[in-house]
Structures are given as structure tokens and as C-alpha cells.
Amino acid sequence: LPAGPRREPRAALRRAHVVVAVDKGESEVTPVPSWLAAPVFRVRFRTVALVESERGRWRTHPPGLLAGRRVATVCAIGNPEAFQREVLAWEAEIHEIVALDDHHDYTVEDWRVIANRTRLLDLVVTTEKDLVKLEQFPFERGKLLALRIAPEVERGEELLDIVCERVARSSKEGEDGRKS
């Protein structure tokens, strides 16, 4: 489960109608408590594209563009190692790693450091979350790209059916003046 001061404690799972557990790859699967009564659905995130910001508009490229390229990874996320593994999975050569604290607000000084450390590399690869923050800085055109990831949910149709049924039930109970 994600950690943090504003997250619910593990015991809150007792109230869950469904649980979505993130498969972190490399045989690292989110553990699910044995006492959990709710159905568990596993999700894995896969790279589906690279994105760049071109004058404020996002343009996509195939992730295979990373193959054989000398890159730097730049991210401010909770698990930078997983991000780096995903970049390597597309056969990029990581020559520089800039891993900042989760939710970092990039400054002009950060941009200067990144630009200096990556000037001899082909690409700077980041997350979409970080691209939104970094696109304001004048990176060399075509050099700053983000991995676009998408979830693959095991038994996704079943999950959608459960969620839709719960929403419909809550709506009906709300109309009847009863609590769920």
C-alpha cells in the first residue's frame, strides 16, 4: 500500500469492497493480508508511448525510440528505481540519474543542473508527472521525453462490473433515503 501521512492505515482494508494491488514487477507483488474478504485485482503498469511537449502540445512517439540511446532519467517519484528499470527495459543506455524527492517542485537552478549534466546525452527521460513541471524550462527541442504508462488490470471487466454495481446500489439507496 502507498505510504504517507494522509493515507489510510492498513486496517481500513476491512471496509473495502474491492482491492487493487499493484504488481511492481520482478516478482515483487504487493502482499495482500490473509484476513481480507474483498476480491483482489492485480494491476501492472506498462509503457505505451513516449511523450514530448512541443510548444505546449503533447506529441507521442513509440517507446522503441529509446533503444540504443544515451539517456538521463529525471524523476521526482516515490520509486525511482522502478522508473529506471522501465527505461532500461526499452534498451536505453542510462548514463545519468537525477532522482529527487517525491513531488519536487523544479526550479531554474534544478533545470541548470539537469541541462549541464545531460548536455552530451541524447535524451532526458522523465515521467508524465514530471514533464508537466519540466516543460516550462528551455530544454533542447526533442530532448525531453516522458514515459506514458497505462494500467493493465487482471480481470478488468469483473472489476468494472463490481464498481458499477456498487455505484448503482449506492445511488438507489441514496434515492430511497437509506445509507449503504
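The values are calculated or read from the model by the stated rules, or taken from the named source; none is laboratory data. The model shown is predicted, which means the values in this text are computed figures rather than measured ones. Here the Cβ is made from the backbone with ideal geometry for all residues, glycine too, and neighbour counts use every protein chain on show. These area figures cover heavy atoms from the full protein model, side chains too; ligands, DNA and RNA do not enter into them. Shrake-Rupley method; radii C 1.70, N 1.55, O 1.52, S 1.80 Å.
Return the pair list, or none, for Cβ contacts closer than 7 Å from residues in the range 55-83 that are in contact (Cβ under 8 Å) with a residue 40 or more places away in the chain to residues that are surrounded by fewer than 16 Cβ atoms within 10 Å (Cβ to Cβ) and part of a helix (DSSP H, G or I), at least 6 apart or on different chains. The qualifying pairs are 77/129. Does residue 62 fit the bill of being under 16 Å from residue 125 (Cα atoms) and within 17 Å of the chain's Cα centre (by Cα)? When the stated conditions are applied, residue 62 does not pass them.
Do we find a residue being in a helix (DSSP H, G or I) and either at pLDDT 85 or above or of a type in the set (A, V, I, L, M) (or both) anywhere in the range 15-29?
Step one: of the range 15-29, the residues in a helix (DSSP H, G or I) are 15.
Those still in the list that are either at pLDDT 85 or above or of a type in the set (A, V, I, L, M) (or both) too: 15.
Looking through the range 15-29, at least one residue is in a helix (DSSP H, G or I) and either at pLDDT 85 or above or of a type in the set (A, V, I, L, M) (or both).
The set of residues from the range 34-68 being among the polar types (S, T, N, Q) and closer than 30 Å to residue 18 by Cβ comprises 34, 47.
So that you can scan it fast, the table gives a plain yes or no per residue for (1) open to solvent by 40 Å² or more (accessible area, probe 1.4 Å); (2) more than 14 Å from residue 143 (Cα to Cα); (3) assigned to a helix (DSSP H, G or I):
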site: 12; (1), (2), (3): no, yes, yes
site: 35; (1), (2), (3): yes, yes, no
site: 38; (1), (2), (3): no, yes, no
site: 42; (1), (2), (3): yes, yes, no
site: 47; (1), (2), (3): no, yes, no
site: 50; (1), (2), (3): no, no, no
site: 53; (1), (2), (3): no, no, no
site: 59; (1), (2), (3): yes, no, no
site: 65; (1), (2), (3): yes, no, yes
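The rows are residues; the columns are (1) assigned to a loop (DSSP other than H, G, I, E, B); (2) under 17 Å from residue 71 (Cα atoms); (3) not aliphatic (A, V, I, L, M).
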residue: 105; (1), (2), (3): yes, no, yes
residue: 114; (1), (2), (3): no, yes, no
residue: 125; (1), (2), (3): no, yes, no
residue: 142; (1), (2), (3): yes, yes, yes
residue: 159; (1), (2), (3): no, no, no
residue: 169; (1), (2), (3): no, no, yes
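Would you mind stating whether residue 174 is assigned to a loop (DSSP other than H, G, I, E, B) and either modelled with pLDDT under 95 or among the hydrophobic types (A, V, I, L, M, F, W, C) (or both)? In short, no. Determine whether residue 95 is in contact with a Leu (Cβ under 9 Å, 6 or more places away or on another chain), touching a residue at least 12 places away in the same chain (Cβ under 8 Å) and surrounded by 13 or more Cβ atoms within 10 Å (Cβ to Cβ). Answer is yes for this residue. Evaluating residue 73 against the criteria (1) within 20 Å of the chain's Cα centre (by Cα); (2) open to solvent by 30 Å² or more (accessible area, probe 1.4 Å); (3) modelled with pLDDT of 95 or more leaves one unmet condition, (2).
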